[in-house]
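These notes concern the structure reproduced below.
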Amino acid sequence: MHVGNLSKLASNFLQLVFAPRCLVCGAKTPDLICNKCIDSLNCSFNRCKICSRPLASSEAVCPVCLSEKRFFVKGFSLFNYKDEKVAKIIELIKFKGHYRLVDFLYYFKDNIIQSGIFENVDCLVAVPMHKKDIAERGFNQSVFIAKVLSNITQIKVDYSLIEKVKRTKHQVGLSAKERKSNLKGAFRLTKKSPYHKVVVVDDVFTTGSTINEIAKLFLSHRIKSNFFCVSSTPHLY
Ligand SMILES: [Zn+2]
Ligand SMILES: [Zn+2]
């Protein structure tokens, strides 16, 4: 066989085996996630007016916001975590090391800006992880999300305003009282804040206790806060 044909054959073979594929559905695409997957993501659903949790269309406020004190002003979650593709994207980012996938948020730039939660905000703050947890995972996904939001909104991120000083248990499955004591003293401000209003950034809104605790801390320093999450569970676990 002619050497040129051979190398063509080899390149076809390599193309077949190593052609870039969508991380979510496996379809061939030069991007990390294909257009079909992006187009299938739905960010228009009925949300709790306060915390943005997906709700049945007849409800205005979720049961948690009705019964527990919320220290943040307003939240916005872009997607419903119940959407399998959304859960898969979060899993890839958080547990499979594909943190560059956070760039998919640029496709939803308009929805993010129109949420209104970035108006009159001084800075963005990623929900911090304990340094031992960062060492285990290698990164804090919320920092990458905050960076993308900063590029979209032109609001800066303050990476050191708040730190997590206590390792906490997973909130899921704990009672409201247990969640409170689990988070007590978990976060602290590292400096006197020059900000009036911030947006706290995280990947998934589940019980909302972490964000509420951070909002409480900020409020005790006269800082108002909104929050942004990539997704929210439709109900409290
Ligand atoms: Zn895909
Ligand atoms: Zn709510």
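Just a few scattered comments:
- Theoretical FRET efficiency, 1/(1+(r/R0)^6), r = Cβ-Cβ of HIS196 and LYS49, R0 30 Å, to 0.05: 0.85
- When both bridge partners sit in the chain, DSSP labels roughly 20% of those beta bridges antiparallel.
- Among the trypsin sites (Lys or Arg not before Pro) in region 135-230, those located in a DSSP loop and surrounded by at most 16 other Cβ atoms within 10 Å of their own Cβ are LYS156, LYS166, ARG167, LYS169, LYS184, LYS191, LYS192, ARG222.
- For SER181, neighbours were defined as the other residues whose beta-carbon sits under 12 Å from its Cβ, and their charges (Lys and Arg +1, Asp and Glu -1) total +4.
- If R0 equals 45 Å, the separation of the Cβ atoms of PHE18 and LEU66 corresponds to a calculated FRET efficiency of about 0.30.
- Span from the region 162-178 Cα centroid across to the region 132-155 one, whole angstrom: 20
- For SER220 and LYS177, a Förster radius of 25 Å and the Cβ-Cβ distance give a FRET efficiency of 0.75, rounded to the nearest 0.05.
- With the convex hull drawn over the C-alpha atoms of region 44-232, the volume per residue is 118 Å³.
- Relative contact order of the chain, defined on C-alpha pairs under 8 angstrom at six or more residues apart (%): 23
- Contour excess over end-to-end distance, with Cα ends at ILE155 and ASN5 and 0.36 nm allotted per residue: 48.6 nm
- The chain: most fluctuating residue of GLY26, GLY208, GLY97 per GNM, C-alpha cutoff 10 Å: GLY26
Taken together, the values in this text are just the output of simple stated rules run on the coordinates, not laboratory data. All values reported here derive from a predicted model rather than from experimental measurement. Glycine also receives a Cβ, built like all others from the backbone with ideal geometry; neighbour counts cover every protein chain displayed.
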